[in-house]
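See below for the structure under consideration.
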Amino acid sequence: MSFLSRTKSRPDAAVIADHHRATGTTGRVLATASGPKVEILAFADRFAVRVGDDWREVGWHQVQTGGWKAERDEMHWRLTDGSKDAVQLTEPRSLPTVFRERVQATIAVEDRFDVPGGGAVVLTARRDLSQRQPTLIWTAFAVRGARMEDPQVKALAEEALARLRADYDF
């Protein structure tokens, strides 16, 4: 593939202007992606998604899991509040790499432990990248079949979270 046939890497000025009009926010765009009726702008502290005419912004620290599924041309994410979303992208450009890097940049502490009955719990302390002196935002979530609704799992997670907070929360 010739460098002349690559897709443009510069953000579309009209998309950036529309984002600014809709949200009132600005910033240096690190990556862009697009799909049918979808635009994504990645900034240092957040990403913005336009589906149709509606923009919404998500802080990188709010992303629990997510990434690029190339076999489906899909960018997907699950937030720390449990909500999830996915969009089809025909032009992912560098967004999958930037997405992974920015989410990782929010993680100050991460620990994982197996729970009785199978599965595991992941504990994280994240920083809001929009803040100069961010406080740590602690979360616990179940993976591989564990359920936070299980009283034993919940108790183990709370105990482990308390230990980590005592060690790392300053």
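Quick check: is even one residue across the stretch 117-126 modelled with pLDDT of 95 or more and under 24 Å from A31 (Cα atoms)? Yes, the conditions are met somewhere in the stretch 117-126.
Would the stretch 51-73 turn up any residue that is among the aliphatic types (A, V, I, L, M), surrounded by 12 or more Cβ atoms within 10 Å (Cβ to Cβ) and within 28 Å of A142 (Cβ to Cβ)? Within the stretch 51-73, one or more residues are among the aliphatic types (A, V, I, L, M), surrounded by 12 or more Cβ atoms within 10 Å (Cβ to Cβ) and within 28 Å of A142 (Cβ to Cβ). When the stretch 114-134 is filtered for residues that are surrounded by 12 or more Cβ atoms within 10 Å (Cβ to Cβ) and either of a type in the set (D, E, K, R) or outside any loop (DSSP other than H, G, I, E, B) (or both), the ones remaining, listed by number, are D114, A120, V121, V122, L123, T124, A125, R126, R127, D128. The condition (being of a type in the set (A, V, I, L, M, F, W, C), exposed (fewer than 12 other Cβ atoms within 10 Å of the Cβ) and more than 28 Å from A33 (Cα to Cα)) is satisfied by just one residue among A166, A142: A166.
Here D73 does not fit the description of being of a type in the set (D, E) and over 28 Å from R144 (Cβ atoms).
From the list E110, E74, which residue is over 30 Å from S34 (Cβ atoms) and among the acidic types (D, E)? When all the criteria are applied, what remains is E110.
Applying the criterion of being assigned to a loop (DSSP other than H, G, I, E, B) and in contact (Cβ under 8 Å) with a residue 24 or more places away in the chain to the residues of the stretch 135-156, the residue that is farthest from P116 (Cα to Cα) is L136. Take the residues in the stretch 74-108 that are among the acidic types (D, E) and closer than 23 Å to W138 by Cα, then tell me which one is surrounded by the fewest Cβ atoms within 10 Å (Cβ to Cβ). The qualifying residue surrounded by the fewest Cβ atoms within 10 Å (Cβ to Cβ) is D81. Evaluation of D128 against the conditions (1) touching a residue at least 24 places away in the same chain (Cβ under 8 Å); (2) farther than 30 Å from R147 by Cβ; (3) of a type in the set (D, E) shows that the sole unmet condition is (2).
The values are calculated or read from the model by the stated rules, or taken from the named source; none is laboratory data. If you're wondering where the values come from, they're calculated on a predicted model, not measured in any experiment. All Cβ positions, glycine included, derive from the backbone under ideal geometry; neighbour counts span all protein chains shown.
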